[in-house]
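To start, the structure itself, in structure tokens.
All of the numbers you see were taken from the coordinates with simple rules; none came from a lab. The structure presented is a predicted model; accordingly, all values stated were derived computationally and were not measured. Here the Cβ positions follow ideal geometry from the backbone for every residue, glycine too, while neighbour counts run over all protein chains shown.
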Amino acid sequence: MGRKLIFGFFAIVLAVSFVFISGQAMAAEKKKAGPTQFFGILIYRTGPFAAGGSGIGSGWEDFMELRNMQGGVNGIKYSWEECETAYNTARGVECYERLKDKMVLVHPLSTGITYALIPRGTKEHKVVVSSGYGRADASDGCVFPWVFTTPTNYWSQNSAKIKFIGKQMGGMDKLKGLKIANLYIDIPYGQETKPMLDALGKKFGFTVRHFPVPWPGIDQKAQWLDIVRRYKADWVINRNWGVSCTVPLKEAARLGFPGNRILGVWWCGSEEDVLPAGPAAKGYYTANWHGVGRNFPLIQEIIDKVYGKMKGHISFTRVGTVYWNRGVYTAVINEEAMRTAHKKFGVKVLTGDEMRWGMENLNITAERIKEIGLEGFMAPIKTSCENHEGGKTVLFQQWDGNKWVKVDEIAPMTDFVWKRIKASAAKYAKEKGITPRDCSKVD
Amino acid sequence: MFYRECGVLKETYAKDMAIFPIPLDRWGLGVMLVLAFVVIPFTASDYWLSSIMLPFYCFSLAALGLNFLTGYAGQVSIGHAAFMAVGAYSSLILYGRYGVPLPLSIFGGGIFASAAGTIFGIPSLRIKGFYLAVSTLAAQFIIEWVLTHWQWVSGGVFGTIDAPDMYIFGWIIDTPVKKYYLVLCVLTLLTVFGKNLVRGQLGRNWTAIRDMDVAAEIIGVSLFRNKLIAFAVSSFYAGVAGSLITFTYYLAANIEEFNLFLSFHLLGMIIIGGMGTVLGSFFGAGFMTLLPIFINQTLLTIMERVPSDIRANSEAIVFGGLIVFFLIVEPYGMARLWQTIKEKMRLWPFPY
């Protein structure tokens, strides 16, 4: 019995490998139609963070599907391949290595993979875009020429959050004496903003206390008792990720802490995070960098043309959710970089260096945003050799019990943040022995 | 005959104590070594070298370490990822901040990990089985916590140290082939050492402790010494593996890579590969690291029209199914299959 099973298994393996090899040959033949700009999509449809990965990947693919139907970007069509990372760094690097010959720009979509790809991208001339995650100091283009944090990073976000809290309290002077609890998941991602908040606390005279939540953060009872009963916090900053995002909302409701005094990070601000909390989530604020919902001409077009022809990449109910929209945003940034590069280098399939030039010279004005059909969806972006962040506003949204509603747009404290970005990047450059490039000499 | 003892005449003591008494094994090993040292680096693409073979070798080494502890000495550990992390961080600090030569840094990482492992091995003298497993779980959490919070180690707010360029005596190791050779040399060295370790007095002591510790103590095997040595050796291997994978593959020491999940993964490798066998560590590491990629690639081509979320999830389903399948067919692990084949060959063509 055992032997038969084993031989049966080997027979299956052989058969499958045969199919695999012949399938690859077939696939290779199929792809000969015209030059395309290739994107490797490193996402995770499985694992604990599948909600984020599947939404972003699908939004991005749906946008590219639409452009291909319309004839591509200046005639250059998109092609792409998905690679499942399951949020695992080893798998993510494998994906990058497998697809790197074809792609010129990569979104790692995970902090760990970002760290692993920064040295690789820099060496192999691939643009690494970590939108709103990864290292905040990578916004400094002098030290990180190949890394972009467009449109914004964690440090900018936190300075905007403090401004938002000030506005909600009725003025920045009202911050004095306020008690803010920074509830964070106890991994490097969670810790990244601690010094930033401490510095802001000193500047504006409010107290910050940090409450670590051990990974994976499903139980936060002790922290919440501490926050509400002992510390008596006025505001709570929710810096969690995945399953741990929802827990604070329930705990707050249990202890009678008002939902509209919790302010989440942008990775805790999707439908998937608040729906499980039910009515407890009502009033909850989070940061974001793009609009929500389906009421934008471009998104209507995607619904009409892509989903109308049953070519969508995710179930229709998720179209217009936060993560799906984030995917569309990602795709728009890529495309604008391509168009910018096309203007300088001519319309063709871009190389890594040309794509990098495009990313570095992005100038998405309000008129251009309207032209794309995304008015009110995103803020203007202007990158430069030094500034790889580019965005000037952080959006804030509130959960009204059924949907997210955009409530505010706030500019981060740019000078305050950039001083720290510069210092941190300089330290990195020193450790790694990098000579920062002189941006005044770059055209 | 080349595939059985019959006709293999052992004329000297050295021949009697050979690692591989059967010629088939010796030749097989020779072929594998030629394959690993000559054929693969010259034929495989950079993709294969850098993203398939490197993690496979590093995880094999870590699994081998865990196998000494769990497979040979019978002490369950679910904190091995943390020992890998200690190795990774300490070797990067030694090399990057203090300029210790690369080979010494890699082994230095192993030594620091081994010190950490020995400390967390002390409870094994009083508690056994599941209870010991829980105390090694504590190692996982404590080490993770320390590495995240000790700013001097993790180098600032990002909790991550980037791996600097690697130089051995002024010679830069940057291409996948060079990295491959670096990892392969360390792996070969440590495997030969480990194989001899488990064949010698120490390995026999461990086996005795695993099979019945009271009996072992009565015949004069010091539990204190041997258990702690098992922890030390095992975490040394884990530390070296951690430092190698960080230097060559992750390129940055980030504590998130060495989480509890990886500890379970390593334990899964030795259970599927074969507890108490050196070969099994390699089989297990191959199974756990390469098979998901293979399944994923296969599904990509045969299921092109299927929605991508179903495709992504079916990888986990197929992989889980295969684990169950292998454990039902061969509960002693894949290394046991090879053992069975060899035993059958001894009797062939006249089995009884």
Query - Net charge, residue B:255 excluded, C-beta distance under 11 Å - Lys, Arg +1, Asp, Glu -1 - result: -4
**Report entry** Kirkwood-based Rg to Rh ratio, region B:170-284, C-alpha trace
**Finding:** 1.04
Query raised in the report: How long are the semi-axes of the ellipsoid equivalent to region A:154-288, from square roots of 5 times the Cα gyration tensor eigenvalues, in whole Å, largest first?
Result: 21, 16, 15
Requested in this report: Return, for the Cα atoms of region B:175-233, the radius of gyration and Dmax in Å, separated by a comma.
Outcome: 16.0, 54
Query raised in the report: When you take every Cα atom in region A:223-344, what is the radius of gyration, and what is Dmax, the widest Cα pair distance, in Å?
Result: 18.3, 60
Report summary line: In cubic angstrom per residue, the convex hull of region A:49-109 built on its Cα atoms measures 77
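For chain B, give the magnitude of the charge dipole about the Cα centre (Cβ charges: +1 Lys/Arg, -1 Asp/Glu; no others), in debye to the nearest 20. Numbers along the way, then the final one.
Numbers: 21 positive and 19 negative charges, 187 e Å.
In total the dipole reaches around 900 debye.
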Report task. Determine the distance separating the Cα centre of region A:409-443 from the Cα centre of region A:251-329; give it in Å without decimals. Result -> 32
Report summary line: Placing each pseudo-label 7 Å from Cα in the direction of the beta carbon, residue B:5 and residue A:12 end up separated by a distance in nanometres of 3.7
Query raised in the report: So how long is each side of the protein assembly as shown along the principal axes, counting just the alpha-carbon atoms, biggest first, in Å?
Result: 90, 65, 54
Query raised in the report: Which chymotrypsin sites (Phe, Trp or Tyr not before Pro) does region B:127-205 hold that lie in a coil by DSSP with at most 12 other beta carbons within 10 Å?
Result: B:150, B:169
Requested in this report: Give the residues of region A:411-443 whose amide nitrogen is closer than 17 Å to a point set 7 Å from the Cα of residue B:167 in the direction of its Cβ.
Outcome: A:430-435
**Report entry** region A:355-414: trypsin sites (Lys or Arg not before Pro) in DSSP coil with no more than 15 other Cβ atoms inside 10 Å
**Finding:** A:403
Query raised in the report: When the dipole is taken about the Cα centre of the protein assembly as shown, and only Lys, Arg (+1) and Asp, Glu (-1) are charged at their Cβ, what size is it in debye, to the nearest 20?
Result: 660
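For Cα pairs less than 8 Å apart in space and 6+ apart in sequence, what is the mean separation divided by the residue count of chain A, i.e. the relative contact order in percent?
Values: 812 pairs, mean separation 81.9, N = 443.
Relative contact order comes out at 18 percent.
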Query raised in the report: How large is log10 I(q)/I(0) at q = 0.10, 0.21 Å⁻¹ when the Debye formula is applied to the Cα atoms of region A:263-412, each weighted equally and without solvent?
Result: -0.40, -1.32
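Taking only Cα atoms of region B:1-43, what ratio of Rg to Rh do you get with Rh as the Kirkwood inverse-distance radius? Could the numbers behind the result be given before it?
Numbers: Rg = 13.4 Å, Rh = 11.7 Å.
In region B:1-43, Rg relative to Rh is 1.15.
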**Report entry** Interchain or long-range residues, amide H under 5 Å from residue A:211's placed H
**Finding:** A:182, A:183, A:184
Report summary line: Given the candidates A:252, A:270, A:205, the one whose Cα lies deepest towards the positive end of the charge dipole of region A:178-289, counting +1 at each Lys or Arg C-beta and -1 at each Asp or Glu C-beta, is A:205
Query raised in the report: Can you give the net charge of the other residues whose Cβ lies under 13 Å from the Cβ of residue B:203, counting K and R as +1 and D and E as -1?
Result: +3
Requested in this report: Name the most mobile residue of A:92, A:75, A:433, meaning the one with the largest mean-square fluctuation, in a Gaussian network model of chain A with Cα contacts below 10 Å.
Outcome: A:433
Query - Surface/4 of the Cα convex hull for region A:209-257, nm² - result: 3.0
Report summary line: Two pseudo-spin positions, 7 Å from Cα along C-beta at residue A:370 and at residue A:102, lie apart in nanometres by 3.9
**Report entry** residue B:214-residue B:185 pseudo-label distance in nm [points 7 Å out on the Cα-to-Cβ vector]
**Finding:** 5.1
**Report entry** Likely footprinting exposure, B:15, B:179, fewest C-beta neighbours within 10 Å first
**Finding:** B:15, B:179
Query raised in the report: Volume per residue, Å³, of the convex hull around the alpha-carbon atoms of region A:379-443?
Result: 125
Report summary line: When A:229, A:67, B:336 are ranked with the fewest other C-beta atoms within 10 Å first, the list becomes A:229, A:67, B:336
Query - Computed Kirkwood radius, in angstrom, where 1/r is averaged over Cα pairs of region B:75-125 - result: 11.3
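For a footprinting-style exposure proxy, rank A:183, B:64, A:298 by other Cβ within 10 Å, fewest first. The partial results should precede the final answer.
Working: A:183 28, B:64 31, A:298 17.
With the sparsest Cβ surroundings first, the list reads A:298, A:183, B:64.
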Report summary line: Binned at 5 Å starting from 0, the alpha-carbon pair-distance distribution of region B:49-103 in whole percents comes out as 5, 16, 17, 20, 20, 14, 6, 1
Requested in this report: Determine by what factor the alpha-carbon radius of gyration of region B:267-332 differs from 2.2 N^0.38 Å, reporting the quotient.
Outcome: 1.25
Query - For chain A, fraction of C-alpha pairs farther apart than 29 Å, in % - result: 48
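Can you tell me the convex hull volume per residue for region B:1-118, based on C-alpha atoms, in Å³ to the nearest whole number?
On the way: hull volume 21.2 nm³, N = 118.
Measuring per residue, one finds 180 Å³ for the Cα hull of region B:1-118.
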Query - Unit charges on C-beta of K, R, D, E only; dipole of chain A, Debye - result: 660
Requested in this report: Averaged over every viewing direction, what's the projected area of the C-alpha convex hull for region B:47-276? Give it in nm², one decimal, please.
Outcome: 12.0
**Report entry** For residues of B:157-168, the mean tally of beta carbons on other chains within 10 Å
**Finding:** 5
Query raised in the report: Evaluated at 20 °C with a viscosity of 1.002 mPa s, what Stokes-Einstein diffusion coefficient in µm²/s does region B:90-204 have when Rh comes from the Kirkwood expression over alpha-carbon pairs?
Result: 127
Query - Of all DSSP beta bridges in the protein assembly as shown, antiparallel share, percent nearest 5 - result: 40
Query - Approximate shape of region A:67-195 as ellipsoid semi-axes (Cα gyration tensor, √5λ), whole Å, largest first - result: 35, 19, 14
